[in-house]
Amino acid sequence: MAMVKPVFTIGPSADAVAIRMEVFVKEQHVVNEMDEFDPASWSLVLYLDGAAMGTGRIYKVDPATYQVGRVAVLKPYRHQGVGTYIMKFLQRKAIELGANALLLHAQVDKIGFYSSLGYVIDGDGEVFYEENIPHVHMKKTIVKKNRYNRKR
């Protein structure tokens, strides 16, 4: 039976860096992949039977808001739900850390993916460019379930 394992580190692990270099630098021609947020970010690598499949990170914007970023899935694992799992693990970690909102910069061709996970375009929806790739701001408000707001 296949074993999927999420591994979080503070700052990107060697596997996270390798995935980001493959996806963002080699495939998308990003020049400045590593940034000032990396050292303090919670970085996730998702493994299948010990093989790294994808990565993502979160970092604190304010005590209740975390920024999601650098979500990348290696080619052999795309279109199999890996990105969805990465996003769910990142959200779970952000909730553990006290988040009630998640922000992200979505590549325009990935808006549908993030929308399917409950993100909405934030603000006026203006397109902006990071590394010559069009993006939009998206946000997800987290509704925490507790014993007082369960449906009766």
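The values are calculated or read from the model by the stated rules, or taken from the named source; none is laboratory data. Note that the structure is a prediction, hence the values are computed from the model and not measured. Using ideal geometry, Cβ is built from the backbone for each residue, glycine included, and neighbour counts are taken over all protein chains shown. The protein model used for the area step is the full one, side chains on, heavy atoms only, and it has no ligands, DNA or RNA in it. Shrake-Rupley method; radii C 1.70, N 1.55, O 1.52, S 1.80 Å.
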Please report, in debye to the nearest 20, how large the charge dipole of the chain is about its Cα centre when each Lys and Arg carries +1 at its beta carbon and each Asp and Glu carries -1 there. 1240 debye
Tell me, what % of the accessible area of the chain is carbon and sulfur with a 1.4 angstrom probe? 56 percent
Per the charge dipole of the chain (beta-carbon charges, Lys/Arg positive, Asp/Glu negative, Cα centre), the residue among 90, 138, 56 reaching farthest to the positive end is 90
Grab the DSSP H runs of the chain that are 4 residues or longer, score each as -39,500 (n - 2.57), total them, divide by all residues and round the 222 nm result to the nearest 500 deg cm²/dmol. -5500 deg cm²/dmol
Separation in nanometres of the label points that stand 7 Å from Cα toward Cβ, at residue 64 and residue 28: 3.0 nm
Work out the length of the dipole vector of region 1-88 about its Cα centre, built from +1 on the beta-carbon of each Lys and Arg and -1 on the beta-carbon of each Asp and Glu, and round it to the nearest 20 debye. 280 debye
Peptides 65-74, 127-136, 113-122 ordered by average Cβ neighbours within 10 Å, highest first: 65-74, 113-122, 127-136
By the scheme Lys and Arg +1, Asp and Glu -1, what is the net charge of all other residues having a beta-carbon under 15 Å from that of residue 111? -2
Most to least packed among 37-43, 25-31 [average Cβ atoms within 10 Å]: 37-43, 25-31
